[in-house]
Structures are given as C-alpha cells and as structure tokens.
Number of protein chains: 2
Amino acid sequence: MTYCVALKVEAGMVFASDSRTNAGFDQISTFRKMVVYERPGDRFMVLLSSGNLSISQSVRELLQGEALSDSGPDPTTIWNATTMFEVARLLGQTVRQVYDVDGPALRSAGIDYGCTLILGGQIRGEPMRLFLVYSTGNFIEATPETCYFQIGEAKYGKPVLDRMLVPTMPLAEATKCALVSIDSTLKSNLSVGLPIDLVVYEAGALQSDQMICIDEVNPYFAMIRESWGQRLRDAFDGIDNPVWGPSGAGHPLSVRSDRYDVLRKIQHPGDKLV
Amino acid sequence: MTYCVALKVEAGMVFASDSRTNAGFDQISTFRKMVVYERPGDRFMVLLSSGNLSISQSVRELLQGEALSDSGPDPTTIWNATTMFEVARLLGQTVRQVYDVDGPALRSAGIDYGCTLILGGQIRGEPMRLFLVYSTGNFIEATPETCYFQIGEAKYGKPVLDRMLVPTMPLAEATKCALVSIDSTLKSNLSVGLPIDLVVYEAGALQSDQMICIDEVNPYFAMIRESWGQRLRDAFDGIDNPVWGPSGAGHPLSVRSDRYDVLRKIQHPGDKLV
C-alpha cells in the first residue's frame, strides 16, 4: 500500500510520501513514490504516485520526454509548459498512454492496475497549484476550501487534516500536520512504512532545498511519534468519563432523549423487533 | 454507510452503532443497527449489523425463531443455547439461510449484498464473549490482544482504539473510548450519522439498563465532540514545529540520513530517474 499527502497553504506546499510497496505480505519492498522536477527560478514541481508500481513508474519515466499532443509544431513539455494546468493535462495524457499499452494485458490477467497521482508546484508567472490526477487521466484542483489531497491508504491520516489544516497556517505548522497525518497512518496500517520522503516548498521560491528522507533515526519524526501518542493519551485522559443517571453538574450521559424508547430490548422469543 | 464498534474489557462490554443508511446520497434514512436480547439473570446479548439493510433485517428477524440445524429433537435457539459460541453458530447459519434465499437475485442485479455482524454478550455459566460474523457465516472471536471489533466505516475511528484501548480499562473509560471513536468517524464521513445507540454491559450482570440513544442534545456526547476537537488542537499545538538545519537543542528535521541523496531532483529534460 501507499500513503501520500500534499498540502497547499498560502505560505507554500508540503509533499510527503511513504516508500513501502507490497505485492502480497511476503513481497514488501521500498520504492520512492516522489519525483521532484526543478529548474531554479523557473519552475518547481513534485509528483506523487500510488497504485500499480509498473504503471506509475512508466508514467514518471515517460512524463519527462512527453509533449502535449495538441501543442503543435513547438511541443509543450513539462519543461516549457507555461502553466501547471498544462503540466496536469500532459500528465493525464501520459497516464492514458501507459494504460493504452499495458492496460489490456493487466486487465486480462485480473491484476489491479489503478494508478492515482498528485501533482503540485509552481511555474514562474503563476501561483502555486495542486492537482489530483485519476487513473483515467482526468484531474481536479485543490481550492482554499479543500487545500489538500491524499492518495493510497488515506483514511487514518484524514481526521488530523480535517481538524487542523487551514490555508493560513504557517508552512512549518503545515509540515508538522503532514507528518502527524503520516504517523497516524503508520500506526494503523502495516503496509505503509518508513522511510518518508518530505519536500517543503515556499510560495514563490521556484526552488527548494527543504527535501529530506525521514527514517527511523530522524530526531523530529521520532519526537512526533513519541509525543503525539502521549499527547493523544493526555487529551483522552483529560475528558471526563461518562456518568449514568441525571447529574447536577457535569455532562451526564443518560439524560433521556425522546428516541430512547425506540431501543427496546427483546426479552422473549415472541417479542417483535420495533 | 454504517459504523458499529464493540469493545470487550475485563470489566464489561460496550456496544455503539450509528443509525444512518444510504442508498445514494439522496436516499438517506435512519435505521437502528442494534438489537438487544435479554433475559435478566440468564443471558444478555447484543447484535450489531452493517451492510445490505434488507439482508441484515431479515437475519435479525429470523434469528429469534431459528434453531441450530444440527441440534436434534430439542432444538437450540438463542434463548436456550448454553454458550455464546452456539449463538454465533446459529447467527452464521441464519446469515447463510438469508443468502440462499436472497443472494441469487441480488447478485444477478449487481447489487452489493454484503452483511457483516458483531455479536457479543454473556450467558450464565460462561464469561463474556464477542464475535465478528462474516457474510459467509463464519466468525472470529475477540481476544485480550484484540479486544474490539468494528464494522462498516471503520478506519477513521480505529486509531483511537489502537492507541487507547487496553483490557484493564474501567468500563466508563471504555465507553468514552467508543464514543471518541464514533466522534472521529462522524467528523470525517458524512454517511455515518446520529443518533448513536449505546449499550454498556457490566461483566456478570446478565442484564443492563445502561442503554441510551444519543442525539444532538445529549450533554455528554456534545461535550466529547467539543472537547476532543479542542484537546486534539491543543495536543497538536503543543508539538514543536520542525526546524530545518542542524540544531543544538530541540529535534531538527534535517539531520541528513544516508538515504537523503536518493531523493535527487530532476533538473533537466535529460536527467534520469534514480
């Protein structure tokens, strides 16, 4: 499995991906799921991929050499596209091309060949943009209301994003948010594993040196893993246990609602369900 | 969708279920997913169901009248079974029976007709037991190592269980744990909704009056919804943001690991992926 997450806040973007792939539990390997395309001062783009590894690797390899099919005699590539939208279209087109070649054989063998990608970055003259590209080559773009995308094993790491992430968040805090989201996923799903690739991009920079591969010994991530678990424990302990029966102070559990009576117990073989 | 969770700790058991069903987003209804079978002093059992509503309702209705098929002239029913294992077998058999009748038509119409159930409780002379019964009628039992089961939209509410739940937890704390798990699920998935049915059973009691239907105005659940979100926020804020670059104190993010170099940037059209 895979977990990749990308956040876009006003101050910049954060990209993080795990590196575990599995084809059955006895065939687990480490593969990067992140590629960074950069021409300093001109463009900075990050591609994250999930799904069938052979498909996504082909897409990544081809993308570099591809040209947008309707771009005429002076072909549009990821290196001369003037908008991130063009790059997203190119990526979608590349995905379709790989499926045209490999899809029929994989389908006939009953192999799951889905592949979902996240593309984010900035090209000079444009604001930052973040896209989610589907297996079918179509794509959607993140907005201030939904300023993140996840691919792969997304559910465990989603609550923290839903609760914490806001577009006005400083970039360092957004980085923390992405790493806590990854930590929650690692904790609940064995098929998502270290090392984590992390790239942080500051809005307008058109380059980044904030790129790191986080493994077991990374001091910051080790602190998050230890500290987040303990703080959740403290948060949990800080909430009062429920008290049954009406109570003057506090928050009793058993103030009856009208619907209470509906949950009738069945006490005899002849009783009917309500 | 549905979310049901059942916990078994040494002090007792907690059962909770939401009540939203949907057949498409414009056909959302409220249906109970919990049934309580009780004969005070003799047996107390709770059944939670997820999946196709017509299948699970038929199973619940039939279960009351069914007898274990190999139980001879003096048939074993849920009311005279001497072990929870027998009740689980009966439930599995009932599930298979409903599938025999309804399965072919649903399958030929391409309708998803899965149905997964949780059965827990206690019969006099036995300890408490908790089972997960699959669509195929087979089942597994909870153990001290894995002392909970979830069905339906399980992932959002799983991290809190993985982190907090231990079999030695007091029953009131286990109740809080179940409700926090439900709150996390409500927060991230629209298709899981209030009211929540909650039953708490004390080990050995063979009956329970701790049954409640939790709606929007329940003071305890309202406090959890408010307080858990705020405490998560505080826990999140309490963790330092990452600092790039080596640092004397604190937990720097950018202490390079050996694998750092592998995440190479592609800076020219001719560059190769590593």
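Suppose we filter A:T168, A:T185 for residues that are away from chain B (no Cβ under 14 Å) and β-branched (V, I, T); which single one remains?
A:T168
Against the condition in the same structural domain as B:L7 (by TED's automatic domain parsing), of a type outside the set (F, W, Y) and either more than 30 Å from B:G41 (Cα to Cα) or at pLDDT 95 or above (or both), how does B:Q122 come out, does it pass?
The answer is yes for B:Q122.
Take the residues in the stretch A:1-54 that are part of a loop (DSSP other than H, G, I, E, B) and in contact with an Asp or Glu (Cβ under 9 Å, 6 or more places away or on another chain), then tell me which one is modelled with the highest pLDDT.
A:A11
Which of the residues spanning the stretch A:66-122 are among the hydroxyl-bearing types (S, T, Y) and within 30 Å of A:E10 (Cα to Cα)?
Residues satisfying the conditions are A:T76, A:T77, A:T82, A:T83, A:T94, A:T116.
Tell me, which strands (runs of 3 or more DSSP E) lie completely within the stretch B:105-160 with 3 or more residues that are among the β-branched types (V, I, T)?
In the stretch B:105-160, the matching strands (runs of 3 or more DSSP E) lie at B:115-123.
Let's see how each residue does on (1) in contact (Cβ under 8 Å) with a residue 60 or more places away in the chain; (2) over 18 Å from B:I151 (Cβ atoms):
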| site | (1), (2) |
| --- | --- |
| B:M45 | yes, no |
| B:V59 | no, no |
| B:Q64 | no, yes |
| B:P75 | no, yes |
| B:T82 | no, yes |
| B:R89 | no, yes |
| B:V95 | no, no |
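Among the listed residues A:V87, A:V95, A:V59, identify the single one that is part of a helix (DSSP H, G or I) and more than 21 Å from A:T2 (Cβ to Cβ).
It is A:V87.
Could you tell me which residue of the stretch B:195-214 is nearest to the other protein chains (Cβ to nearest Cβ), considering only residues that are surrounded by fewer than 19 Cβ atoms within 10 Å (Cβ to Cβ) and touching an Asp or Glu at 6+ places or on another chain (Cβ under 8 Å)?
B:Q207
Can we say A:A67 is surrounded by 12 or more Cβ atoms within 10 Å (Cβ to Cβ) and in contact with a strand residue (DSSP E or B) (Cβ under 6 Å, 6 or more places away or on another chain)?
No: the conditions fail for A:A67.
The values are calculated or read from the model by the stated rules, or taken from the named source; none is laboratory data. Note that this is a predicted model, so its numbers are computed, not measured. Because the Cβ atoms are built from the backbone with ideal geometry, glycine has one as well, and the counts that use them run over all protein chains shown.
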